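Each remark here refers to the structure printed beneath this line.
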Amino acid sequence: MEEHDLLATSWTWAGRESVDERVSAVGRAGFSGLALALDDLHEVRATTGFAALRRMLDDAGVVWVQVGTLGDWWRRGSEHDADRGVLLEAAATLRAWQVVVRADHAVPAVPLPPHGRGMGPARRPE
């Protein structure tokens, strides 16, 4: 993304209007990027289609697309495979610059050592 580009997160452009109306509003508001949540992706795939959405984004001047968030990306099963499939299909068709996946929160945290332990005495550069 460019230094001055703005990304409309999925919460920013959520609403009851059609996807086309909301995408147009995002472009008119000056955003050049848009984030699509996993639920949005399933809805677009079942209704408008990703190719039509890409055309809407182009018409609105939206060049940056982020898709996600995919949790449990490492798991197998029909629900996980469907989510992974829609995410990857959307990323390819919409030319997404970023695909968001979530970490495994089930892994216990490892305590970090106190800052500086074992680093030796501080030295000034010569």
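The values are calculated or read from the model by the stated rules, or taken from the named source; none is laboratory data. Not measured: the values here are computed from a predicted model. For neighbour counting, all protein chains shown are included, and Cβ atoms are generated from backbone atoms with ideal geometry for every residue, glycine included. These accessible areas exclude ligands, DNA and RNA; they are computed on the full protein's heavy atoms, side chains included. Shrake-Rupley method; radii C 1.70, N 1.55, O 1.52, S 1.80 Å.
May I ask you to list the residues in segment 58-79 that are of a type outside the set (S, T, N, Q), part of a helix (DSSP H, G or I) and more than 15 Å from ASP39 (Cβ to Cβ)? Quick ask: steps written out before the conclusion?
First, the residues of segment 58-79 that are of a type outside the set (S, T, N, Q): 58-65, 67-68, 70-77, 79.
Next, only the ones that are part of a helix (DSSP H, G or I) stay: 58-60, 79.
Hits for segment 58-79 are ASP58, ASP59, ALA60.
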(Q) Given the condition farther than 24 Å from ARG102 by Cβ and surrounded by 18 or more Cβ atoms within 10 Å (Cβ to Cβ), answer yes or no: does some residue in segment 50-57 qualify? (A) yes
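The rows are residues; the columns are (1) hydrophobic (A, V, I, L, M, F, W, C); (2) within 19 Å of the chain's Cα centre (by Cα); (3) modelled with pLDDT under 90.
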| position | (1), (2), (3) |
| --- | --- |
| ASP72 | no, yes, yes |
| GLY77 | no, no, yes |
| ARG84 | no, yes, no |
| GLU89 | no, yes, no |
| VAL107 | yes, no, yes |
| VAL110 | yes, no, yes |
| GLY116 | no, no, yes |
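So, in segment 64-92, exactly how many residues are among the polar types (S, T, N, Q), in contact (Cβ under 8 Å) with a residue 24 or more places away in the chain and open to solvent by 50 Å² or more (accessible area, probe 1.4 Å)? First the steps, then the outcome.
Initially, segment 64-92 is screened for residues among the polar types (S, T, N, Q), giving 66, 69, 78.
Filter again for in contact (Cβ under 8 Å) with a residue 24 or more places away in the chain, leaving 66, 69.
With open to solvent by 50 Å² or more (accessible area, probe 1.4 Å) added as a condition, the list becomes 69.
Count: 1.
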